[in-house]
Amino acid sequence: MAGFDASARQEMRSLSKKLRIPFPFFRASAATIVALAALLSLDQASASRERSDRVTEVIVLSMNRPGNPDDQNVLIRAARSLRRMKGVDHVHIGRALPGGRVQGEHSFDVAIVITFKNRFAWERFERNDQFQRLMDAALRPLVRRSIVYNFTSE
């Protein structure tokens, strides 16, 4: 019981009696819990660091024929194919809400939010021929204007 003072040892003994756990096992369990907590905190730090490496791209698209649901559906189907690309974690696609805020961009029809595992995956995506073909085939004929925002997670 090195490392524990007399009052801590007494408290552990009384707690082990209340919980009906033999004291030596309780002591080992307490040490195990402390070790697991330390490992979990390291894992959380690693997950936090991994999240901070992520890159998010927000694409706001204004259509040649604003509000046309057929054109929007073509873009949405094309954007869903991005989910299968390497390095892409999440793809969220949606139509603009009618009304909305008075400030900001109003004249868009579809928005796409793509989250990448890291900066390397984002750079690889930007150079990807499949993405460029998708842009040429689906987006350019239908889209009047696109605005792209990229940011890293903190």
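The values are calculated or read from the model by the stated rules, or taken from the named source; none is laboratory data. As the structure is a computational prediction, the values presented were derived from the model and not from experiment. Cβ atoms come from the backbone with ideal geometry, glycine included; neighbour counts cover every protein chain shown.
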- request: Specify the residue that is nearest to the chain's Cα centre (by Cα); the eligible residues are those in segment 57-89 that are loosely packed, with under 14 Cβ neighbours inside 10 Å and either outside any helix (DSSP H, G or I) or among the hydroxyl-bearing types (S, T, Y) (or both).
  value: K86
query: With respect to F120, is the statement that it is under 16 Å from R80 (Cα atoms) and either modelled with pLDDT of 90 or more or assigned to a helix (DSSP H, G or I) (or both) true?
result: no
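Can you work out which of the residues in segment 123-154 that are among the small types (G, A, S) and outside any strand (DSSP E or B) is modelled with the lowest pLDDT?
A138
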task: Looking only at segment 104-145, count how many residues are surrounded by 15 or more Cβ atoms within 10 Å (Cβ to Cβ) and more than 23 Å from the chain's Cα centre (by Cα).
output: 7
